[in-house]
1. Can you return the lysines within cross-link range of K138? Criterion is Cα-Cα under 27 Å, with same-chain partners fewer than 8 residues away left out.
2. Which lysines have a Cα less than 18 Å from the Cα of K265, not counting those fewer than 8 places away in the same chain?
3. Show me, for segment 383-388, the HN-Hα J-couplings you get by feeding each phi into the Karplus relation (A = 6.51, B = -1.76, C = 1.60, θ = phi - 60°), rounded to Hz, glycine and proline as x.
4. Stretch K150-H168 to full length: gain in nm at 0.36 nm per residue minus the Cα-Cα span?
5. Which residues' amide hydrogens lie under 5 Å from the amide hydrogen of T374, considering only partners 5 or more residues apart or on another chain, with H built in the peptide plane?
6. If packing is taken as the average number of other Cβ atoms within 10 Å across a peptide's residues, how do 369-378, 234-243 rank, most packed first?
7. Could you go through segment 364-374 in sequence order and give the Karplus-derived ³J(HN,Hα) for each residue, using 6.51 cos²θ - 1.76 cosθ + 1.60 with θ = phi - 60°, rounded to whole Hz, and x for Gly and Pro?
8. Using packing as a proxy for protection, rank 345-355, 41-51 so that the peptide with the highest average count of other Cβ atoms within 10 Å comes first.
Amino acid sequence: MMLSDSSQEAAPVPTTVFRYGELPTVQFSSKAVVVTVENEDDLEGTIRIEDVPSIHQMPITNEGGSTVKRTIIFNEMVAYEMQQRPSISDGRQLYQVCGRTIENKGVFPFNQFAGCLHVAATHMAQNIAYHGGGELEKYSDVGFWSPRVKLLYARGLEAYRSACSHKHADPSMLTDEVFVTAQISVRPFSFTLTLCAFPFSSMGTCQVRVCKGLRPESFLRDVQLSNDPLGLTKLITPPISDVILLHPETQRLSEGLLSNFFATKYMPPSPLAHSSGGRQMEVGKRGSSVIGDSFARTKFENYHLICAPLATIHQGAMLDMVWKICKRDGIQVSFAAPNLNDAMSGKWSGAFIVNTTYQVLPIDTMHLTDRRSTKIEFGSCPLVTHLQNAVFEMFHNRTPTFI
């Protein structure tokens, strides 16, 4: 891994900036597969196909009119505590956890998903124990939740694929990835898993929101009750995968609430570039310059990685994996922190987030929190693609198929 000290200015890249217009009103598929268990001894549940609400309603409301009261962050996932109406004072609550598949429905974060459900259930059981309930020992065991998540998810995904293969299948269900929502309560016991289309991003990409703010010193990604004084975790609802923090004075981006954030920038090679056959191209000639630049943009070695100073961000195993790949492959890294103004002027070639849940997720859309609802869209970047493949292969010990 090398620090970037080049003063060479990068040429504009095809980054699209939309300065006007509201966020698109995107609908979920009109149908969803729902798996429901009302008995804790039931490991199969009942399966039905039903209509689903819009994407903006799904994560924050349910049939009873619940709204988000607070959030729990555990293992880089979010559980939403739903405030039921009327409120109940004996500790009964409803929690919701959201996830998605990647790699054409081939990968789903079972451990993180089950762990987040387990922490939410434990919190509910603790509240009930305060009012005299005896559910704490049972529901605070992660072994209770893990097999149920895997079995019900497998049944739901099988039913989803079966519904998609039917000759009268709803066309809106035929997308690459699936959005998964779990709602749980422990008094009375109820576990509902909903699977529907995830239509916002192509395979292995995501959308993020940029908000002004600094991560509190006491804010951690693996604590049970999150310390989020600004309430930013409530913004992590589909299609948003994470909230990226923006320093209000420097306009530089640091990290996400659930992940690390990186940007990439194209850095033209030296005036004499070598083609794949070893022939030199003189950049001084117009024709050779165009061909040489087009060829250079396809090589990940001609892109630099930009991230915030290490002392200012959360570090973990996934970040160490990125540094290991950068060192191995000679990727230059700048720790100057990505500048939002560079993204607005088209100087970035791409951006991505990293966490243990989904490894590397390229960002296809970055939504700014401003009066104009600005959004920035990114195309494919060779360096992002290279890191996504390399991290995925190192993490799963197999070659990915989503690229």
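1. Correct list for K138: K69, K150.
2. Candidates past the 8-residue exclusion: K299, K327, K347.
3. 5, 4, 4, 4, 5, 4
4. 3.7 nm
5. L368
6. 234-243, 369-378
7. Result, rounded to whole Hz: 9, 9, 10, 9, 8, 8, 9, 5, 9, 6, 5.
8. Result, highest mean first: 345-355, 41-51.
Read-outs throughout are calculated quantities, based only on the coordinates presented, and are distinct from any laboratory measurement. If you're wondering where the values come from, they're calculated on a predicted model, not measured in any experiment. Neighbour counts run over all protein chains shown; Cβ positions are idealised from the backbone, glycine included.
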